[in-house]
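The values are calculated or read from the model by the stated rules, or taken from the named source; none is laboratory data. The structure displayed is predicted, hence computed values, not measured ones. Cβ sites come from the backbone with ideal geometry, for glycine too, and all protein chains shown count toward neighbours. Ligands, DNA and RNA are excluded from the accessible area calculation, which covers all protein heavy atoms including side chains. Shrake-Rupley method; radii C 1.70, N 1.55, O 1.52, S 1.80 Å.
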Amino acid sequence: MVDLESEVPPLPPRYRFRDLLLGDQGWQNDDRVQVEFYMNENTFKERLKLFFIKNQRSSLRIRLFNFSLKLLSCLLYIIRVLLEKPSQGNEWSHIFWVNRSLPLWGLQVSVALISLFETILLGYLSYKGNIWEQILRIPFILEIINAVPFIISIFWPTLRNLFVPVFLNCWLAKHALENMINDLHRAIQRTQSAMFNQVLILISTLLCLIFTCICGIQHLERIGKKLNLFDSLYFCIVTFSTVGFGDVTPETWSSKLFVVAMICVALVVLPIQFEQLAYLWMERQKSGGNYSRHRAQTEKHVVLCVSSLKIDLLMDFLNEFYAHPRLQDYYVVILCPTEMDVQVRRVLQIPMWSQRVIYLQGSALKDQDLLRAKMDNAEACFILSSRCEVDRTSSDHQTILRAWAVKDFAPNCPLYVQILKPENKFHIKFADHVVCEEEFKYAMLALNCICPATSTLITLLVHTSRGQEGQQSPEQWQKMYGRCSGNEVYHIVLEESTFFAEYEGKSFTYASFHAHKKFGVCLIGVRREDNKNILLNPGPRYIMNASDICFYINITKEENSAFKNQDQQRKSNLSRSFYHGPSRLPVHSIIASMGTVAIDLQDTSCRASSGPTLALPSEGGKELRRPSIAPVLEVADTSSIQTCDLLSDQSEDETTPDEETSSNLEYAKGYPPYSPYIGSSPTFCHLLQEKVPFCCLRLDKSCQHNYYEDAKAYGFKNKLIIVAAETAGNGLYNFIVPLRAYYRPKKELNPIVLLLDNPPDMHFLDAICWFPMVYYMVGSIDNLDDLLRCGVTFAANMVVVDKESTMSAEEDYMADAKTIVNVQTLFRLFSSLSIITELTHPANMRFMQFRAKDCYSLALSKLEKKERERGSNLAFMFRLPFAAGRVFSISMLDTLLYQSFVKDYMISITRLLLGLDTIPGSGFLCSMKITEDDLWIRTYARLYQKLCSSTGDVPIGIYRTESQKLTTSESQISISVEEWEDTKDAKEPGHHRSIHRNSTSSDQSDHPLLRRKSMQWARRLSRKGPKHSGKTAEKITQQRLNLYRRSERQELAELVKNRMKHLGLSTVGYDEMNDHQSTLSYILINPSPDTRLELNDVVYLIRPDPLSYLPNSEPSRKNSICNAAVQDSREETQL
């Protein structure tokens, strides 16, 4: 075999590295030949074809020149008609011969020569072997008819005045126009619009028909009425519009025949064109067409990208987006891959939305569709996930791809992304604003267990409202609740503010208290000019600067406020002075007072000196109460600042027995060593010194470390918090963290039991095994035994999380059916249990704790309908379960993402309030309860002063519980059967109709009427029965009487007790469960300073960060709580 390497000659000396660096200089004398490669054959015909046909730009120029020639020929025909004198007589020679001047003839001959030459050349270049195909084409025939007679007249002068139908060149101009438009789109490399082409063809066809008819009628009537062009135009328009006045009619048979032919052509051609146009219009309506680039450059618009558009999602977005005045001129472009829903189409046809909302059917993954939506010119892009999907992870993956596609196409377009699962959040960290549904959901549900109705508080803060809801209601609580619901979070620079400018150089708490006292606004946070982090209530040591951005809660922002002078304010105060109720309506409004003080500090102190005052306990024990409230200092005094006992648990441990002290020492404070997903914010928490074995986390099964098999056996000091969920997702980690935050006192930590349908994964157990008193149990709320084992009888709160497998249903609103029925069962079995439920659809909140014949609930339903008719975005707010914070839907938080377009700080503030983010120096949300010892404070303003001067807390609202005013209805009147039996003989039979069942039952099928019949039958049986069976009859009667006397509540209690005995559980404590359903609860956000405090009011507080006091605390001060916090942190931060 020949060695191939030996046959390869070595490289010549000229191919050296130096020559390669020098370039082509060493190659000049080379004997190589340059070869050119052509895309087409290098022949004369192919070069002509490339120039006239294949090259888009040169072909476009040729077709434009051809189009101009045809229009010029038509124009020359019109000029010839206008210059020609009317002929005399009606001879047929006037049809075949015309008067044509020599210059006009020369121009027409030139045009004919050029046109004919171009036609023959293009026919030659496009010839493919069949010459008849080229000859029999209509454009070629028309070209021969219009050009050949003029060319013949050159050689035969007598034919110069021969009539030639040059007006037929309009059809050739139409053909050239269509080709020119196609070449134009190819040349500029833009996708042509089928609708535009079809409209252009229709218009050009219609114009050609009219022009042909005008010229034909005018020429054929040369031997008739001798019509001019205007009369012919009038006749054609009247004829084609089917009006037919009859004042102008053709006389000759030739013109009549021509009109018949034109009408037949029009009846054939125009319907075909209209049908194609209608079809394209319908398809355009489905796909949405394009958003105009001219409009995109002159008007502002945002793009909403969704996988499927539901009517609820659309209305929530539109109502919240257009609630802001400066967004009224924005356009909303919806980009959705599915066809428009019938309900959505009906809504978008409303004039209010049809002028501002544009629906485009397309995908965000296609650049063509993003170009149609003009994404590169959009002010923002909202990408929403489909939460109704069975596979929520797949829905997140689609959202991530959409976000990547938009970022790749329009890098400068701000992105507002909604994600479902927290583990997918880090993929879209590049987005400007991100809302993770499960993060917010679980953190909000956790805070609901500590601060009641936190979900309602956050929902009202992130919704745009004017505070007009409920103002037409006769009930006082609805007016107060509706008015305070209009409070939102706003921002302003300190030096530009009328509210806060005078507090420059003062402490934060001083500014917050006096701004609320003077203007009714609640200052909750600040941000330095050179810092991106927002600080909620940084405490009394924070000194306000002129460049600080202040965040405050008020009915409206300061820029929309008007200020009254003193005289106007006094008159308004006199007009309101007739009302002195215990719970006055909030007096703050968009008109605030300027230069007057709502409550004088000195006056309130003097008035409070006669009664007892509230003082915080000191280390030495309880001291006497101070006679007045201390004033809020302009600059904080370190010796007078008292922080709440958050970091320091030593004062608690000193008063507890040794065993409690030893158990408390097992806890430490630190950051969780393991997070179940990437992107979770580290939070300082209560942790165990050593992680718990996984076997000990199982509540209902014993292991080698403990022998407990139910929650009662553990002997917990505090009541349980039970979470019923389908799976232990990573979002559930955010439920545990706020409940184990370092600022929660040890004694107040509630055991957490996770009731899961499916066993948790190992990585989730790795994350929760460091937290104290966290357990799980596999079970379902459908099973009563599982509920009893997990300790539902002595639980403080039961949180029912919406299951992912039930979020989608054939009928959308039926997705919550199973959850609602299960919660209703819990409500009936354990009526005193505080149940917090998550629903998919907010409209289903009306079914929570449902009572079919409750007149009060029916009245609230009518109020909700009236508020919806008035255009309220919060029509559901008066439902008692929502007002009390017992029901929540994550779709309510969609407005948080929408509102962040105007208020870019809302997501950060919400995350700080919920404890999802912890920033050094920023406060946290907590609550305190008003007891009988605190009623001496009397008003909300005095409470504000007391908190700011003592602990530095800033109150932001009140959670109030009142007794429900019952009316005489079947569901609200309660009368025992025993009383009915005692008064039976004394009352008339007609009075029995007023006897009703117990108020705890909702819509019971076992009405007492059936039992009453049974009882009457038992009496008759006992009276009429034979004597030998008297004892048996008496026994049966007694059993029936006992069965009748037993209410439904007793039957349910008996059922639960029997199950508990069967499971070996103690029934102690279950008998103490009483019904508390005759109360209603609601929230007052930022109430007016003169609002009266009531017993059992829960006040929402933003408490300053205890760690912010540690660096400045001095060890020598033993009476300072900050010193105890330092010692406690040094001892317990070890992990």
Query raised in the report: Gln704 versus (1) out of contact with any strand residue (DSSP E or B) (no Cβ under 8 Å at 6 or more places or on another chain); (2) more than 13 Å from Val774 (Cβ to Cβ); (3) modelled with pLDDT of 85 or more: which is the lone unmet condition?
Result: (3)
**Report entry** Residue check for Ser561: of a type in the set (Ser, Thr, Tyr), touching an Asp or Glu at 6+ places or on another chain (Cβ under 8 Å) and open to solvent by 10 Å² or more (accessible area, probe 1.4 Å)
**Finding:** no
Requested in this report: Hey, can you tell me all the residues within region 108-141 that are farther than 23 Å from Phe167 by Cβ, open to solvent by less than 20 Å² (accessible area, probe 1.4 Å) and not small (Gly, Ala, Ser)?
Outcome: Leu125
Query raised in the report: For region 498-511, how many residues are assigned to a loop (DSSP other than H, G, I, E, B) and closer than 22 Å to Gly957 by Cβ?
Result: 2
Query - Output for region 929-968, where each listed residue is in a strand (DSSP E or B) and open to solvent by less than 10 Å² (accessible area, probe 1.4 Å) - result: Val954, Pro955, Ile956, Gly957, Ile958, Arg960
Query raised in the report: Within region 413-429, can one find any residue that is more than 18 Å from Tyr898 (Cβ to Cβ), assigned to a loop (DSSP other than H, G, I, E, B) and free of Cβ contacts under 8 Å to residues at least 40 places away in the same chain?
Result: no
Query raised in the report: What pairs come up if the first residue lies in region 752-764 and is closer than 7 Å to Ala728 by Cβ and in contact (Cβ under 8 Å) with a residue 60 or more places away in the chain, the second is part of a helix (DSSP H, G or I) and aliphatic (A, V, I, L, M), and their beta carbons are under 8 Å apart, counting only those six or more places apart or on different chains?
Result: Phe764/Leu732
Report task. For region 381-398, name all the residues that are open to solvent by 10 Å² or more (accessible area, probe 1.4 Å) and either among the basic types (Lys, Arg) or at pLDDT 95 or above (or both). Result -> Arg387
Query raised in the report: Would region 255-273 turn up any residue that is assigned to a loop (DSSP other than H, G, I, E, B), among the small types (Gly, Ala, Ser) and out of contact with any Cys (no Cβ under 7 Å at 6 or more places or on another chain)?
Result: no
Query raised in the report: Looking at region 142-158, which of its residues are farther than 21 Å from Leu71 by Cα and open to solvent by 40 Å² or more (accessible area, probe 1.4 Å)?
Result: Ile152, Ile154, Phe155, Trp156, Pro157, Thr158
Report task. Mind counting the residues in region 317-330 that are open to solvent by 60 Å² or more (accessible area, probe 1.4 Å) and under 19 Å from Leu360 (Cα atoms)? Result -> 0
Query raised in the report: Which residue pairs have Cβ atoms closer than 6 Å, lie 6 or more positions apart in sequence or on different chains, and pair a first residue in region 352-363 that is touching a residue at least 40 places away in the same chain (Cβ under 8 Å) with a second residue that is surrounded by 16 or more Cβ atoms within 10 Å (Cβ to Cβ) and part of a loop (DSSP other than H, G, I, E, B)?
Result: Ile358/Tyr291; Tyr359/Gly288; Tyr359/Met340; Leu360/Gly288; Leu360/Ala373; Gln361/Gly288
Query raised in the report: Of the residues that make up region 1072-1095, is at least one of a type in the set (Ser, Thr, Tyr), farther than 30 Å from Val1056 by Cβ and at pLDDT below 90?
Result: no
**Report entry** Verdict on Glu251 being of a type in the set (D, E, K, R), open to solvent by less than 50 Å² (accessible area, probe 1.4 Å) and in contact with a helix residue (DSSP H, G or I) (Cβ under 9 Å, 6 or more places away or on another chain)
**Finding:** no
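Return the residues of region 399-412 that are farther than 19 Å from Tyr677 by Cβ and part of a helix (DSSP H, G or I); say none if nothing qualifies.
Leu401, Arg402, Trp404, Ala405, Val406, Lys407, Asp408, Phe409
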**Report entry** Search result, residues across region 432-460 that are open to solvent by 10 Å² or more (accessible area, probe 1.4 Å) and farther than 22 Å from Leu732 by Cβ
**Finding:** Asp432, His433
Report summary line: Note on region 430-450: residues in contact with a helix residue (DSSP H, G or I) (Cβ under 8 Å, 6 or more places away or on another chain) and assigned to a loop (DSSP other than H, G, I, E, B) are Phe430, Ala431
Query raised in the report: Here is a list of conditions, (1) over 21 Å from Ile1102 (Cα atoms); (2) touching a helix residue (DSSP H, G or I) at 6+ places or on another chain (Cβ under 8 Å), and Glu559 meets all of them except one; can you say which number that is?
Result: (2)
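Here's the yes/no breakdown for (1) surrounded by 14 or more Cβ atoms within 10 Å (Cβ to Cβ); (2) in contact (Cβ under 8 Å) with a residue 60 or more places away in the chain; (3) closer than 30 Å to Glu91 by Cα:
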residue	(1), (2), (3)
Ile217	yes, no, yes
Glu221	yes, no, yes
Ser232	yes, no, yes
Phe235	yes, no, yes
Thr242	no, no, no
Gly246	no, no, yes
Tyr291	yes, yes, no
Ile311	yes, no, no
Query raised in the report: Here are some conditions: (1) of a type in the set (Val, Ile, Thr); (2) in contact with a Leu (Cβ under 8 Å, 6 or more places away or on another chain); (3) without any contact (Cβ under 8 Å) to a residue 12 or more places away in the chain. Ile836 meets all but one. Which one does it not meet?
Result: (3)
Query raised in the report: Residues in region 299-313 that are out of contact with any helix residue (DSSP H, G or I) (no Cβ under 6 Å at 6 or more places or on another chain), hydrophobic (A, V, I, L, M, F, W, C) and part of a helix (DSSP H, G or I): how many?
Result: 1
Query - Selection count where residues are surrounded by fewer than 13 Cβ atoms within 10 Å (Cβ to Cβ), in a helix (DSSP H, G or I) and either of a type in the set (Phe, Trp, Tyr) or out of contact with any Lys or Arg (no Cβ under 9 Å at 6 or more places or on another chain) (or both), scope region 87-105 - result: 3
Query raised in the report: Which residue pairs have Cβ atoms under 8 Å apart, sit 6 or more places apart or on different chains, and have a first residue in region 727-750 that is in contact (Cβ under 8 Å) with a residue 12 or more places away in the chain and more than 13 Å from Pro672 (Cα to Cα) and a second that is open to solvent by 20 Å² or more (accessible area, probe 1.4 Å) and of a type in the set (A, V, I, L, M)?
Result: Leu739/Ile450; Arg744/Ile450; Leu749/Met773; Asn750/Met773; Asn750/Ala796
**Report entry** Condition met for Ala378 (over 18 Å from the mean Cα position of the chain (by Cα) and more than 30 Å from Glu726 (Cα to Cα))
**Finding:** yes
Report summary line: All conditions in (1) outside any helix (DSSP H, G or I); (2) under 23 Å from Thr464 (Cβ atoms); (3) aromatic (Phe, Trp, Tyr) are true of Phe317 except (1)
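Report yes if Ser976 is under 40 Å from the mean Cα position of the chain (by Cα), within 30 Å of Ala859 (Cα to Cα) and modelled with pLDDT under 50, otherwise no.
Values: under 40 Å from the mean Cα position of the chain (by Cα): no; within 30 Å of Ala859 (Cα to Cα): yes; modelled with pLDDT under 50: yes.
Spelling it out, it is not the case that Ser976 is under 40 Å from the mean Cα position of the chain (by Cα), within 30 Å of Ala859 (Cα to Cα) and modelled with pLDDT under 50.
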Report task. Would you be able to say whether some residue in region 399-411 is aromatic (Phe, Trp, Tyr), under 30 Å from Gly467 (Cβ atoms) and open to solvent by less than 60 Å² (accessible area, probe 1.4 Å)? Result -> no
